């Protein structure tokens, strides 16, 4: 494990979303987004988006509630239009066609998972 000063380096990250229907939500991330299931812990499943990066899906419990307001998952790709066509053909709720957002230097579109969490599919314009 590489060290940064006295601390071990961070080697990855998981963004968690909570749901009432784990199977439907997991199917979205596996089938619509094509993500690989990395770990199944029963009431939580973790999908790999890139080396060291994951989306965790967990059944809501106690103070872990379904609350998509204020957050967003952004997935980076060189083929925004291809992803738009894929998700549209699978009936994923889309928030409009891909658009260039010059003020951010990106080209992207937004969709929603089965719980209303916003997912942005994005490419940087300068790469």
_With at pLDDT 95 or above, in a strand (DSSP E or B) and in contact with a helix residue (DSSP H, G or I) (Cβ under 7 Å, 6 or more places away or on another chain) as the only criterion, which of 37, 75, 87 stands out?_
37
*Looking for whichever is in contact with a strand residue (DSSP E or B) (Cβ under 8 Å, 6 or more places away or on another chain) and either over 17 Å from residue 120 (Cα atoms) or surrounded by 12 or more Cβ atoms within 10 Å (Cβ to Cβ) (or both) here; the options are 95, 86, 64. Which one fits?*
64
*For the stretch 98-117, what are the residues that are loosely packed, with under 13 Cβ neighbours inside 10 Å and in contact with a helix residue (DSSP H, G or I) (Cβ under 9 Å, 6 or more places away or on another chain)?*
none
*Can you tell me which residues in the stretch 50-60 are exposed (fewer than 15 other Cβ atoms within 10 Å of the Cβ) and either in contact with a helix residue (DSSP H, G or I) (Cβ under 7 Å, 6 or more places away or on another chain) or in contact (Cβ under 8 Å) with a residue 40 or more places away in the chain (or both)?*
52, 53
_the stretch 14-49: number of residues that are free of Cβ contacts under 8 Å to residues at least 12 places away in the same chain and either in contact with a strand residue (DSSP E or B) (Cβ under 9 Å, 6 or more places away or on another chain) or more than 21 Å from residue 93 (Cα to Cα) (or both)_ = 5
*Identify the single condition in (1) surrounded by 13 or more Cβ atoms within 10 Å (Cβ to Cβ); (2) out of contact with any helix residue (DSSP H, G or I) (no Cβ under 9 Å at 6 or more places or on another chain); (3) not in a helix (DSSP H, G or I) that residue 70 does not satisfy, given that it satisfies every other one.*
(1)
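The values are calculated or read from the model by the stated rules, or taken from the named source; none is laboratory data. These figures come from a predicted structure and were not determined experimentally. Using ideal geometry, Cβ is built from the backbone for each residue, glycine included, and neighbour counts are taken over all protein chains shown.
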